[in-house]
Structures are given as structure tokens and as C-alpha cells.
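The values are calculated or read from the model by the stated rules, or taken from the named source; none is laboratory data. What you see is a predicted model, and the numbers here were worked out from it, not measured in a lab. Positions of Cβ are generated from backbone atoms using ideal geometry, with glycine treated the same way; all protein chains shown enter the neighbour counts.
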Amino acid sequence: MNKTPLKNSPRNCDFDWMLLVFLEDARTITLMRGTQKMSDVYPINDYGPLMPGLVMAGVAIVHVFLAQFAVGGGILLCYFQWLAMTGREPHARQFVEGYFKLLVLISFVVGALTGVGIWFTAIQVSPATIGAMVDNFHWLWATEWTFFCLEIVSGYCFYRYHSRLNDRTAMTLLAIYAIASWLSLFVINGILSWQLTPGRWLETRNIFDGFFNPSFWPSLLFRTVVSLTLSALAACVVTNLMWSLDREARRALINRAAHLLIPMVLMPFLGIWFLAVMPADSRSWVLGGSPAMMLFFSISIGSSLAIGTYAIIGMVLQRLYINGATAMLMLMLAFGATAGGEFVREGSRKPYSIRHLLYSNSIKPEEVDLLREVGSLRNDRYGLRQDAQYPNDQVRIGSKVFRRQCSVCHTVHGTNAVAELTGSWDENQMRINFAKLQHTKPFMPPFAGTADEVESLVQFVNWSSDHRPARWPTSENPETLAQIADWLKEAGTAPGDFAQNRKRTSSRQHE
Ligand code: HEC
């Protein structure tokens, strides 16, 4: 703006000043709009060589295993209480007592601890994900907690008073316990399956569309069958610890518990149903697109098949006795199957933590355009650990970009280490592959920052690969930055497309 003609008139000077204020305000307003669209940044915790996603998965897997055991345990106890009351099984009453102690110890103590552990880990790994789950489904969480509370209260009453209760009251307490714990699975299953298949909710934002989403029923039924399986295998372990009984009595109890293994025959169908409602790209990761995921999937299927075959042929049809060691081994196999299955379920959501709503790195898909302009660190107010060790500001920025955009799925040197993955690349390969992140591997989100940030990230990764020397040159070649900007433009801001990427690679091979 040319201000010279206005210079001598005080009035015009006022006007000029007002105009400036106005312009400044307008700029602030646009920026504020920008900040409103940008979600809050919470730094992801750094667990050293463990990537945060893996820490989350570890806690979650242990919890899911124990929680499902608790659900199945309730149903199994009702069955044995009924056997005791109808006189069908002379030692059922003794079994109920022994089993309940184990159930209380494991599910109340370790289950509750790991349950809290999930929240504690989730807020360090992806507060945005857990935040969106609470925002959208707070009534459902509240309902779930009510059922959990009911489960604990009825369980505790049974534990404390069952020796003084008559059969009917004991049965009522156990039934309340079983129904409440299954209902808490029912509710939590709706929220968890929504993350992978939000379905019609994306358009309607109706809570029930989100809850009864496409994968709700297959995963609820699958988890129920798993719960029954775990409870029956645990029953075999417990029975083997009932030393006061002779072998025949124990065999009778084990044969009864084996009835809860029969629903395992449904597993293949429920599994196929689940795969069928999964988004096509997630399914393709599992069925070969990602070797790690396919490996875990195969481990899960293999262990389930091994347990299922042994259970149906050996325990149900041939009524074999199963000793404590074998039962323990089968439980461990079941843990492996659960771990594999949960890993695949969590992993196949990539690049999203909530499909179409939030990328795993807590950036929203509709934010990417803006972050490409203003950068991903504008509202990142957090310092770096050991800030003084960084050689210059560019590397510092790179480290922050890594923390914000990559660190949920990668470490620098540990699991899924970026330093390792880029080991054979030169700087330009890194630049192009980071700028086109969603096409490098479509289970990564698009890069959500400026060309400067790509370059800083490249410098940070190289500096880390070089064992963090005290001195490091700053890279500020304008041509390089212009080239990166072009690559970012070519990559676009839409998520990667597995089918398209495959086409692209095969046409490249034909060239
Ligand atoms: C949603 C999780 C996720 C995010 C976020 C993510 N990645 Fe990845 N990335 C992966 C996975 C999974 C692989 C595959 C690893 C493998 O093939 O073993 C991968 C692979 C890579 C590779 C190797 C690619 C190849 O072709 O071999 C590089 C390099 C990489 N990521 C860099 C990054 C950078 C840099 C960022 C941040 C800007 C990032 N990733 C963000 C999950 C992610």
C-alpha cells in the first residue's frame, strides 16, 4: 500500500490507522478460523524403542483377554450352578466355589487394573481418539460403567455371602453377574467396532447408526464365542487344581465344561462375516497387503484352529481327560489367538484410528489442506525432551514433525524404525517418499505439513541415523524446497488408495 499521499492529513492518517487495524483484525479472524479448524495438539509419549501403538496394543490385548474370560466365566458359572441345583453333577457346587475365586482374583483385580491401564495409555498415545469416542458416545460409556458396576457388586456379594445363601439366590446373583458382564461387552463392542466401520453414522451422526454399525454383530458374536472358549479352558485348569477329587470326578467336570467349547464351530463363519463387512482396503492389508498383519492373522487363525480341533474332536466327541499342563498350554494358545486377532483388528484400521474421522496420528482428514499451508506445528506448544542436544532449529522442527505425524506408528531406532526403513535411501528418495507418504504405503496418512517441514523431517531422520552428532548443517536450498512443494502437490491431500497404488506399481514395472 502506498501511504505517501495520506501522510500530511491527520484525518487521513486516522483513516489509514483504522484501515490497518481493520486489516490486522481480518487477518486475525482468518487465522482464528484456521486455529478453530486445527485440532489441539497433545504430544505423543515416547516409549523409547517401543512404538506407542504397540504399547497401547499390549495393554489392550491383556485387558481384552481377561475381560472376555470374565464374561465367559459368568455364563459358565451359571451353567455349573444349574448342574448343582438339578443334581446332575455331584461336584459342581465345589467347582463353582473354586472357579469363582479365580474369576474374582483375575477379573476384578488384574482386569480392573488393565482396564484403567487402557485409559492411562490411550491418553498418552492418542487423546484425540479416546476424546472422540467419549464425545460421541458418552451415554453409552456411562451405560457400560453401570453394567460394570453391577457386575462388580453382584460378584462381590456372591463372593462374600454365597456360603450363607440358598441355591436360588446364589443363582440369581450369578445370573446378574453374567448378564451384566455380557451387556458391558455388548456396549463396549458397539463403540470399538464403530472405529473400524462407522457406517451410516458418517452421514447421519446418529448414535445408534454408530453403535449398530456394520461390524457390530459379527464382532459381538465372535467375542461371545471367544469368551465361552476361554472360560471353558480356564475351567480345565481349575478342575486340575481340585486335588481332593479323584480323576473320574475331574473328568466329569471337564466334560461338562467342554460343552462351552461347542460354539467354536461357528468361529469360521463369524470370522468370514467380519471380514466381509470390513472396509475393502483394511481387508486387503489383512489378506496380504501387509505381511506383518497377514502373519498375525495367520497366527490367530492357526491357534484357533488348533484349539478348536482339539476341543471338538478330543474333548467333546472323545471326552478325553485334559491335564493341567495341556489346559494351560491351550489357554496360552488362546492368548496368542486373541493377541493376533486384536492386533489385526487394531492394525487394519490404518491409516485411521477412527475411519474417515481421524488419522492414527490424531490429524483429521479435513485438516490436511490447512496444515499443508500453515504447517503442523503452529499450535504445538510443547518442548522437546533433551532439547539442548539438538544441533540446530531445523532438526528440532524435524523432531517435532516426527512426534506429531509419525511417532504413533514409528520409532526412530526401535520398532518400525524410520532410521532403518529409510536406511538405503538417499536424501531425495526420502524427500519424495515423505512428501507422498500416502502413496509410499497407503496405510500411512498423507503428509500434513509444509515443504519446510518435510525437509526438516529428512534432516532429523538423517541426523538420527548418523548417531546424533553435535554439529549438523542446515539445509535451505530453495530449489529443493520448491521440488518438495511440487511433490506435495502431486501427492494431493486425499488418503492413499490401495487399488490405485497397486495399479501404479504394476504399470511402473511394465514400463
Ligand atoms: C498410521 C501409522 C503410520 C503413520 C502415522 C506413519 N507411518 Fe510410516 N509406515 C507405517 C507402516 C505400518 C509401515 C510399513 C512398515 C513395513 O513395511 O514393515 C510404514 C512404512 C514407512 C516407511 C517405509 C516405506 C517403504 O516403502 O519401505 C517409511 C520411510 C515411513 N513409513 C516413514 C514415515 C514417516 C516419515 C511418517 C510421518 C510423516 C510416517 N511414516 C507415518 C505406518 C505409519
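Take the conditions more than 16 Å from the ligand (Cβ to nearest atom), part of a helix (DSSP H, G or I) and either at pLDDT below 95 or not hydroxyl-bearing (Ser, Thr, Tyr) (or both) and apply them to LEU331. Does it pass?
Yes, satisfied.
Looking only at segment 357-414, which residues are modelled with pLDDT of 95 or more, aromatic (Phe, Trp, Tyr) and part of a loop (DSSP other than H, G, I, E, B)?
Of everything in segment 357-414, just one residue is modelled with pLDDT of 95 or more, aromatic (Phe, Trp, Tyr) and part of a loop (DSSP other than H, G, I, E, B), namely TYR390.
For segment 233-297, please list each of the helices (runs of 4 or more DSSP H) lying entirely inside it that holds at least 2 residues being farther than 26 Å from LEU66 by Cβ and over 19 Å from the mean Cα position of the chain (by Cα).
In segment 233-297, the matching helices (runs of 4 or more DSSP H) lie at 247-257, 267-277.
Could you say which residue among ARG319, ARG256, ARG247 is of a type in the set (Lys, Arg), on the phi < 0 side of the Ramachandran plot and at pLDDT below 95?
ARG247
Residue by residue, here is whether (1) of a type in the set (Lys, Arg); (2) free of Cβ contacts under 8 Å to residues at least 60 places away in the same chain; (3) in contact with a Gly (Cβ under 8 Å, 6 or more places away or on another chain) holds:
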| site | (1), (2), (3) |
| --- | --- |
| ALA178 | no, no, yes |
| ILE207 | no, no, no |
| ARG223 | yes, no, no |
| THR229 | no, no, yes |
| ALA235 | no, no, no |
| LEU241 | no, no, yes |
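Please find, among PRO268, PRO218, the residue that is surrounded by fewer than 18 Cβ atoms within 10 Å (Cβ to Cβ) and within 24 Å of LEU333 (Cβ to Cβ).
PRO268
State whether one or more residues within segment 133-153 are small (Gly, Ala, Ser) and either surrounded by 14 or more Cβ atoms within 10 Å (Cβ to Cβ) or closer than 30 Å to THR411 by Cβ (or both).
No, because not a single residue in segment 133-153 is small (Gly, Ala, Ser) and either surrounded by 14 or more Cβ atoms within 10 Å (Cβ to Cβ) or closer than 30 Å to THR411 by Cβ (or both).
Is it true that some residue in segment 178-195 is under 25 Å from GLY115 (Cβ atoms) and touching a Cys at 6+ places or on another chain (Cβ under 7 Å)?
The answer is yes, given that some residue of segment 178-195 is under 25 Å from GLY115 (Cβ atoms) and touching a Cys at 6+ places or on another chain (Cβ under 7 Å).
All but one of (1) out of contact with any Ser or Thr (no Cβ under 8 Å at 6 or more places or on another chain); (2) modelled with pLDDT under 95; (3) under 20 Å from SER282 (Cα atoms) hold for LEU437; state the number of the condition that does not hold.
Against the list (1) out of contact with any Ser or Thr (no Cβ under 8 Å at 6 or more places or on another chain); (2) modelled with pLDDT under 95; (3) under 20 Å from SER282 (Cα atoms), LEU437 comes up short only on (2).
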